[in-house]
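Following: one structure in structure tokens, then a few remarks.
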Amino acid sequence: MSVAILTLAVTIAQMALAVAMALAMVRMMRGPRAQDRVLGLDTLYVNSMLMLLVFGIRTGNTLYFEVSLIIAVFGFVATVALAKFLMRGEVIE
Amino acid sequence: MSHIAELPLWASVLVSIFLLIGAGLTLIGSFGFYRLGSFYDRLHAPTLGTSWGAAAILIASMICFSVLQSRPVFHELLIGIFVTITTPVTLMLLGRAALYRDRAEGNPEVPAMDPPKGVIEQGAAVDE
Amino acid sequence: MSRVFPYPLLIASLVAMWLLLTSFSLGQFIVGLAVALVAAQGMAALHPAKPRLRRWDLIGKLIVTVLYDIVRSNIDVARIILQGSRRPNTSGFMTIPLDLRDPTGLAVLAVILTATPGTAWLDYNAARGTLLLHVFDLVDEETWYELIKTRYEHLLMEIFE
């Protein structure tokens, strides 16, 4: 019983997160402006981080936790650098 | 998925509820991000995923591993704290960059620049 | 004492983070403490402005208020998004004059407002003390003004000033 409930919930959650990633990616490709693309990339990073956490629950492996922490750090650094670039036109002044 | 069989019923129900809440909120946030009309509206939508969307999935993960390893596992808190602190920083930077770009182009939809900032007052604060 | 432990709160949280990422054992505690002490020395070399907290007891109240508001605005924003195009667009910019001047208090206010779905902090004019916000559901400007002024700013001014 508990296996059936959790398997169903994990599958639905993964499908929802996959659709969310796809929507973020469509917005990232469409734009229309550079800030929309950067925000799309940031949303994509957050969604993939959550997807990895759900993978961790699915497989029962805590290794996925470290991976999602690293993805969160990379996403933050990437978005800050890109936002800085949008503001000034150069990353390092 | 053999490890799931070790979970008692109450734990799997709790984990499922939190997973569905988190994934649902994230999906709604991304859907809003896809659908909304202007950039400043879109700025609000992903916060659904990063506030309670992420929190619910992290709580689900904490419950799952705490029950599986029969000891409190709460290192997921680190991701929660990290996401809570970094999301406002990125959104604020992006919002200000967008505002700056729109103002530089003279877009009439954004409020105009305030009157010149108090350069003298700021200079005095630095000297202290 | 304060030369070895310049930022006790920073050291404590770094050690806690180290232990959470590895395992709770004496060896890891010693390694984590060494790393935290080096990091705190590096932090002290930067001479950041030390924030002053006046009222420790109100921080709990602030956290509870913010968590409650985040849940409420999550539901509001999700509802507006799901209503789709049947609903007229009600988002807009608004300017709020702030009395809060403490940099740490302003930073906390910025994090609160941006982390809450529905409000986004865009620009703060330090000379005039005005804040430019973008609000997702700007039906009644007065309500948002009251919410930010009385609910957050008042509390933050008591904590930090």
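Details
- Extent along the principal axes, Cα only, for the protein assembly as shown: 66, 64, 40 Å, with the longest axis given first.
- Going by accessible surface with a 1.4 Å probe and the largest first, C:111, A:10 read C:111, A:10.
- Computed over chain B, the range of Cα coordinates on each principal axis works out to 66, 44, 18 Å, biggest value leading.
- Relative contact order of chain A, pairs being alpha-carbon contacts under 8 Å that are 6 or more residues apart, as %: 25
- Averaging 1/r across all pairs of distinct Cα atoms in region A:2-88 and inverting the result yields a Kirkwood radius of 14.0 Å.
- Taking B:26, C:104 and ordering them by how much accessible surface each has at a 1.4 Å probe, largest first, produces C:104, B:26.
- Using a probe of 1.4 angstrom and keeping all protein chains present, the accessible surface of the protein assembly as shown works out to 50 square angstrom per residue.
- Near residue C:61, once Lys and Arg are set to +1 and Asp and Glu to -1 for all other residues with Cβ below 13 Å from its Cβ, the sum equals -1.
- In sequence order, calculated HN-Hα J values of region A:8-16 (Karplus, 6.51, -1.76, 1.60; Hz; x Gly/Pro): 4, 5, 5, 5, 4, 4, 5, 5, 4
- Taking a Cβ cut-off of under 15 Å around residue A:56, the surrounding Lys, Arg, Asp and Glu residues balance to a net charge of -1, with basic ones at +1 and acidic ones at -1.
- Membrane-span-like helices in chain B, defined here as complete DSSP H runs extending at least 15 Å along the helix axis by their C-alpha atoms with mean Kyte-Doolittle hydropathy no lower than 1.6, are B:9-35, B:54-68; this is a sequence and geometry rule, not a statement about a membrane.
- Heavy atoms of residue C:25 accessible to a 1.4 Å probe, total area in Å² rounded to 10: 50
- One way to sum up the overall shape of region A:37-93 is the equivalent ellipsoid from its Cα gyration tensor, whose semi-axes run 29, 11, 4 Å, largest first.
- Nearest-ten-degree value, helix C:58-83 long axis tilted from longest Cα axis of chain C: 40
- Heavy-atom accessible area order for C:11, B:81, largest first, 1.4 Å probe: B:81, C:11
- Distant-in-sequence amide contacts of residue C:123, defined by a placed amide H-H separation under 5 Å and a gap of 5 or more residues or a different chain, comprise C:132.
- Size of the A/B contact, given as accessible area buried on both chains, probe 1.4 Å, in Å²: 4700
- Nearest-10 value in Å² for the accessible area of residue C:22, using the 1.4 Å probe: 60
- Cα-based equivalent ellipsoid, chain C: semi-axes from gyration tensor eigenvalues, Å: 38, 21, 14
- Buried solvent-accessible surface, both chains (C, B), 1.4 Å probe, Å² to nearest 100: 3000
The values are calculated or read from the model by the stated rules, or taken from the named source; none is laboratory data. All figures in this text were calculated on a predicted structure; none of them were measured in a lab. Here the Cβ is made from the backbone with ideal geometry for all residues, glycine too, and neighbour counts use every protein chain on show. Accessible surface is based on the protein model in full, side chains and every heavy atom, while ligands, DNA and RNA are left aside. Shrake-Rupley method; radii C 1.70, N 1.55, O 1.52, S 1.80 Å.
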